[in-house]
Amino acid sequence: MKIAVINESFPRYNFAVHKMKKLFVAQGHTVEFSRRADMWAKECDKAYVSVIFTWDLPKACQDINNLRAAGVEVEVGGPAATAMPAYVFENTGVMVHQGLDERFEHVRGDDYRAVFTSRGCPRACGFCIVQKMEGRKMIEYEDYDIPAGKNPYVCDNNILLTSWAHQQTFVDRMRNVKNLDLNSGFDDRVFMKDMDRYWDLYRNLKMESWRFAYDKPEQRNAIKICSDFLHTKGIEYRKITVFALVGWDNDSFVQARERLQYLVDLQVSPYPMRFRPLDSVERNYIPPGWVKGRWRCCSLITEWHRSGGHILGRSMWPITRRKRRKRNSWGRCRWRGYDY
Ligand code: SF4
């Protein structure tokens with residue numbers, strides 16, 4: 001059988017399509033690995049379409065229709081399809097596969113760039129797809145692989161909420177992986193409860209950075225405690241990355257900027273995460289009360305901070321004339337042009 005495996009969210013690494021490819025090849029099928037419904041995909045008997053981001057859904061639906069018009073049987077899945085199954089059905093007539101697919105979940109491989117050692121997260125944050133995709137129950141895997149490549153990463157949603165035995169085994173197995181990206185990072189609300197124990201365990205990893213998140217007000221104090229602790233261990237700001245959700249739940253630009261400044265003052269590296277609703281295919285979503293360009297301002301905070309700009313003092317506002325000229329020459333971000 002000829003099977004097309006399509007990653008609609010290319011160039012983003014899509015773990016699922018790599019597992020599908022491996023499985024189908026092992027089963028003796030001919031696999032066309034593609035990013036769109038191209039002429040080779042249209043010649044296949046069946047196509048598996050995987051979509052990570054909701055803003056990729058319009059083109060994915062177009063591809064699904066083209067494939068079906070060419071007589072190809074189509075299955076659709078992935079986080080975006082799980083988030084908006086009705087949209088896919090309305091535009092293609094295809095029922096999506098929602099959530100994880102057990103047919104592919106445990107396909108082993110030695111060349112995956114990303115792996116999961118656990119699934120699920122009990123926190124169920126309103127902006128997060130994990131509860132829909134994987135559920136709220138933590139599931140620990142034993143049969144996971146070691147990620148490969150230059151930037152190997154582990155995508156577990158909340159590793160600190162897995163059992164201690166799982167975490168110990170995990171660190172044991174990953175301790176020789178260089179430049180490991182523990183992508184979703186550590187839950188600061190859990191980390192702060194037993195910092196010495198977590199430090200003793202996770203310092204054995206060759207991690208690219210200690211990642212945390214500051215998405216909700218309840219994390220304000222937690223992130224301070226964790227970052228202060230890591231500073232006492234000699235971890236400098238470039239090695240502490242804090243994801244900060246921006247634009248969610250009536251978050252204003254002023255509030256977002258204040259949170260990012262708070263992180264700068266804590267001497268960590270803020271990483272603004274742009275909120276996009278799970279039920280929208282709009283890529284450049286602008287939160288209510290925001291104007292175009294403010295998101296760019298938030299991301300510039302990170303860029304400047306990482307380049308060392310914040311070291312000059314507590315505040316990056318106002319900036320020096322020389323730096324302001326440089327910013328303005330970039331065109332889109334005029335720090336003083338907003339009414340904050
Ligand atoms: S803690 Fe993280 S993974 Fe868990 S629901 Fe919240 S955002 Fe998602």
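The values are calculated or read from the model by the stated rules, or taken from the named source; none is laboratory data. Just so we're clear, the structure is a prediction, and the values are computed from it rather than from any experiment. Every residue, glycine as well, gets a Cβ built from its backbone with ideal geometry; the counts of neighbours run over all protein chains shown.
In table form, for the structure just shown:
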{"read-out": "Check on residue 188, surrounded by 13 or more Cβ atoms within 10 Å (Cβ to Cβ) and either hydrophobic (A, V, I, L, M, F, W, C) or at pLDDT 95 or above (or both)", "value": "yes"}
{"read-out": "Check on residue 133, touching a Ser or Thr at 6+ places or on another chain (Cβ under 9 Å), hydrophobic (A, V, I, L, M, F, W, C) and farther than 21 Å from residue 202 by Cβ", "value": "yes"}
{"read-out": "Total residues in the stretch 246-268, condition part of a helix (DSSP H, G or I) and over 12 Å from residue 212 (Cβ atoms)", "value": "12"}
{"read-out": "The stretch 171-224: number of residues that are away from the ligand (no atom under 16 Å from the Cβ) and on the phi > 0 side of the Ramachandran plot", "value": "1"}
{"read-out": "Close pairs from the stretch 200-214: first of a type in the set (Lys, Arg), partner more than 16 Å from the ligand (Cβ to nearest atom) and assigned to a strand (DSSP E or B), Cβ under 6 Å, at least 6 apart", "value": "206/180"}
{"read-out": "Selection within the stretch 61-82 - aliphatic (A, V, I, L, M) and either over 20 Å from residue 103 (Cβ atoms) or without any contact (Cβ under 8 Å) to a residue 12 or more places away in the chain (or both)", "value": "69, 70"}
{"read-out": "Selection status of residue 130, β-branched (Val, Ile, Thr) and free of Cβ contacts under 8 Å to residues at least 40 places away in the same chain", "value": "yes"}
{"read-out": "Odd one out for residue 234, checked against (1) assigned to a loop (DSSP other than H, G, I, E, B); (2) on the phi < 0 side of the Ramachandran plot; (3) loosely packed, with under 14 Cβ neighbours inside 10 Å; (4) of a type outside the set (Lys, Arg)", "value": "(2)"}
{"read-out": "Single condition residue 100 does not satisfy, out of (1) touching a helix residue (DSSP H, G or I) at 6+ places or on another chain (Cβ under 8 Å); (2) farther than 26 Å from residue 151 by Cα; (3) among the aliphatic types (A, V, I, L, M)", "value": "(2)"}
{"read-out": "Checklist (1) under 21 Å from the mean Cα position of the chain (by Cα); (2) part of a helix (DSSP H, G or I); (3) within 24 Å of residue 134 (Cα to Cα) applied to residue 243, failing item", "value": "(2)"}
{"read-out": "Condition check for residue 201: among the aliphatic types (A, V, I, L, M), touching an Asp or Glu at 6+ places or on another chain (Cβ under 6 Å), surrounded by 15 or more Cβ atoms within 10 Å (Cβ to Cβ) and assigned to a helix (DSSP H, G or I)", "value": "no"}
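Here's the yes/no breakdown for (1) within 16 Å of the ligand (Cβ to nearest atom); (2) over 19 Å from the mean Cα position of the chain (by Cα); (3) not charged (D, E, K, R):
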residue	(1), (2), (3)
79	yes, no, yes
84	no, no, yes
87	no, yes, yes
102	no, yes, no
109	no, yes, yes
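Okay, residues lined up against (1) outside any loop (DSSP other than H, G, I, E, B); (2) farther than 29 Å from residue 215 by Cβ; (3) within 16 Å of the ligand (Cβ to nearest atom):
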residue: 68; (1), (2), (3): yes, yes, no
residue: 94; (1), (2), (3): no, yes, no
residue: 112; (1), (2), (3): no, no, no
residue: 124; (1), (2), (3): no, no, yes
residue: 131; (1), (2), (3): yes, no, yes
residue: 135; (1), (2), (3): no, no, yes
residue: 157; (1), (2), (3): no, no, yes
residue: 169; (1), (2), (3): yes, no, no
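Okay, residues lined up against (1) crowded, with 16+ Cβ neighbours inside 10 Å; (2) at pLDDT below 95; (3) in the same structural domain as residue 281 (by TED's automatic domain parsing):
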position: 66; (1), (2), (3): yes, no, no
position: 71; (1), (2), (3): no, no, no
position: 79; (1), (2), (3): yes, no, no
position: 83; (1), (2), (3): yes, no, no
position: 87; (1), (2), (3): yes, no, no
position: 96; (1), (2), (3): yes, no, no
position: 118; (1), (2), (3): yes, no, no
position: 121; (1), (2), (3): yes, no, no
position: 124; (1), (2), (3): no, yes, no
